[in-house]
Amino acid sequence: MAFSSLSKLSLVFFIFFVLLRFQLNAAFNSTQEAQALLKWKASLQPQSHSVLSSWTLYPVNASHNSTQHASKMSHCSWYGISCNHAGSVHRLNLSNANLKGTLNELSFLSFPRLAYLDLSINELFGIISSQIGNLSKLKYLDLSTNQFSGKIPIEIGLLTHLETLHLAENQLNGSSIPNEIGLLNSLIDLALYSNGLEGSIPASLGNLSNLAWLYLFNNSLSGSIPSEIGNLSNLLELYINTNSLTCQIPTTFGKLRKLNVLYMFKNQLSGSIPQELGNSESLSNISLHSNNLSGPIPASLGGLKNLNILHLYLNTLSGSIPTEIGNLRNLVDLDLSQNQLIGSVPNSFKNLSKLEFLYLRQNNLSGTIPQEIGFMRLIHLQLDSNHFTGHLPHNICVGGSLERFNASENNFFGPIPKGLRNCTSLTRIVMHRNKLRGHVSESFGVYPKLEFIDLSHNMFYGEISSIWGKCPKLQTLKMAENHITGSIPVELGNLTQLGRLNLSSNFLVGEIPYELGKLSLLEELILNGNQLSGAILLG
């Protein structure tokens, strides 16, 4: 019985000793953390001190001789600091705090429990210390939008609990992205964009099985895209645009079944677009423009039912536009401009009921434009610099949303589409160098938003309508080399924004309205090749 009582007493003393030691350790760690934070604060430039005014061991308003002097404040109440139940710093969030200085005096060893560190949107500079690898509990690290330079420390690979790593919008440069980042098996979000990173994308990134967001754009990365990226089965968004990447798009990208956004534009990618890309059925946005891609547009892309945006312009793609593109019923923006495409616009385009932006300019396309396109609620329609023929869709702008229309440098003939007459949302109409004909004063209406119109090099006839003087935002009016007759309406003198007026090589007669001389913004006036008389007095 006595032995049992003695054992219980010993157990109580043992527990008391453990708790006391825990409290002493916690107090020691707390003091160490506070001192480390104060040392770093002292190293920052004076502009940083105002937001960190609460960072003091004593009440801010206490006098030096006050009895409150002995009452120390917990650093857990300081601005930007959050502690766990034991009083250790758990979160440090000083985002957008007007800080200026380096991390040289910040002892990462002093924060063994830190899980969240956000110093983004400040003016911090210098290198990112290798000592950051001591933050073994860290799950969130954001140092983006600062002025850090040098290399990404390989010790980042020691932060095995890290889920978010943001180092974007700095001046990091030098060698490539460390292979060691591929050790961060918990990583979900990796943002290294807008730096000066060079070298290749490490194949080790393919080990990040939990990665959902990968942002590497706007760097100087080169070499090929690792096929291992196709192993990222949880990837939702991939931004590797605006680099110097070469070689082909990996066929393994077809395995990215959850991928929503694929941005690889403004690189030097070559070869064909892999047909396997059509297997990534979650894709909503594909942007591969401004590369050296060649070969045909894969018909398999027509299976991407969720696709909203498809940008393939500024490549050397050839062949015809696949009929299957017409299956993309959710497509809003399609740009195939500046390639070497041939053939006609597929009739299946009539199925693209949600299409708002259609760019086919500067190809070798021919044939007629499906009249059904006129029933779409298009905002931009660019067909220029091809070999199209036939009539323009007569119901164009039936939805009233068309803002920009360019059909120039083709072989279109026939009348101006009737739908344009009441298209009050128009800001830009370009139809020069075709075989269009019609009465200009009857084919157009009043356009309150119109800024630019070019009808040059066609066979338009009739007189220039005076109602064009009611287009208050018109800046450019070109109608050269047509069969326009009559006089120049004096109402054109009301176009106070007009900077360029070209009515040359027509059959205009009469005096040049003196009102044109009052157009203070007029920079270009070309009226030669007519039978006009009089002079212009510039006001």
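Odds and ends about this structure:
- Subset of the stretch 486-539 that is of a type in the set (Ser, Thr, Tyr) and closer than 25 Å to Lys473 by Cα - its residue that is surrounded by the most Cβ atoms within 10 Å (Cβ to Cβ): Ser504
- Residue in the stretch 107-120 that is over 20 Å from Gln35 (Cα atoms), buried (at least 16 other Cβ atoms within 10 Å of the Cβ) and out of contact with any Lys or Arg (no Cβ under 7 Å at 6 or more places or on another chain) present: yes
- Of the residues making up the stretch 401-459, those that are in contact with an Asp or Glu (Cβ under 7 Å, 6 or more places away or on another chain), part of a loop (DSSP other than H, G, I, E, B) and of a type in the set (Gly, Ala, Ser) are Ala407, Ser408, Ser425, Ser456.
- Scanning the stretch 407-438 for residues that are polar (S, T, N, Q), touching a Phe, Trp or Tyr at 6+ places or on another chain (Cβ under 9 Å) and either crowded, with 23+ Cβ neighbours inside 10 Å or closer than 17 Å to Phe460 by Cβ (or both) turns up Asn410, Asn411, Asn434.
- Complete set of residues in the stretch 366-423 that are under 18 Å from Ser443 (Cβ atoms), of a type in the set (Phe, Trp, Tyr) and within 33 Å of the chain's Cα centre (by Cα): Phe405
- Residue within the stretch 472-479 that is loosely packed, with under 15 Cβ neighbours inside 10 Å, touching a residue at least 12 places away in the same chain (Cβ under 8 Å) and outside any loop (DSSP other than H, G, I, E, B) present: no
- Any hit, the stretch 61-74, residues being charged (D, E, K, R) and at pLDDT below 95: yes
- Taken together, Ser204, Ser227 contain a single residue that is surrounded by fewer than 19 Cβ atoms within 10 Å (Cβ to Cβ), modelled with pLDDT of 95 or more, closer than 19 Å to Ile152 by Cβ and out of contact with any His (no Cβ under 8 Å at 6 or more places or on another chain), which is Ser204.
- For the stretch 230-249, a tally of residues being surrounded by fewer than 19 Cβ atoms within 10 Å (Cβ to Cβ) and modelled with pLDDT of 95 or more returns 8.
- Segments classed as strands (runs of 3 or more DSSP E), wholly inside the stretch 82-201, with at least 1 members that are in contact with a helix residue (DSSP H, G or I) (Cβ under 9 Å, 6 or more places away or on another chain) and charged (D, E, K, R): 123-126
- Among the residues listed as Glu515, Glu451, Glu481, the single one being over 24 Å from Phe413 (Cα atoms) and at pLDDT 95 or above: Glu451
- When residues in the stretch 292-309 are screened for being of a type outside the set (Ser, Thr, Tyr), surrounded by fewer than 23 Cβ atoms within 10 Å (Cβ to Cβ) and not in a loop (DSSP other than H, G, I, E, B), 7 of them pass.
- Taking the stretch 376-392 as the range and being more than 19 Å from Thr427 (Cα to Cα) and either in a strand (DSSP E or B) or not polar (S, T, N, Q) (or both) as the test, the residues that pass are His387, Phe388, Thr389, Gly390, His391.
- Pair list, Cβ < 8 Å and 6+ apart or interchain, from the stretch 175-203 residues that are in contact (Cβ under 8 Å) with a residue 12 or more places away in the chain and more than 14 Å from Asn241 (Cα to Cα) to residues that are outside any helix (DSSP H, G or I) and acidic (Asp, Glu): Ser175/Glu198; Ser176/Glu198; Ser186/Glu163; Leu187/Glu163; Ile188/Glu163; Asp189/Glu163
- Output for the stretch 462-474, where each listed residue is at pLDDT below 95, out of contact with any helix residue (DSSP H, G or I) (no Cβ under 6 Å at 6 or more places or on another chain) and not charged (D, E, K, R): Ile464, Ile467, Trp468, Cys471, Pro472
- Leading residue by the ranking (surrounded by the fewest Cβ atoms within 10 Å (Cβ to Cβ)) among those in the stretch 207-224 that are polar (S, T, N, Q) and within 14 Å of Leu235 (Cβ to Cβ): Ser209
The values are calculated or read from the model by the stated rules, or taken from the named source; none is laboratory data. This structure is a prediction, so every number in the text was calculated from the model and none was measured. Every residue, glycine among them, receives a Cβ derived from its backbone with ideal geometry; neighbour counts consider all protein chains shown.
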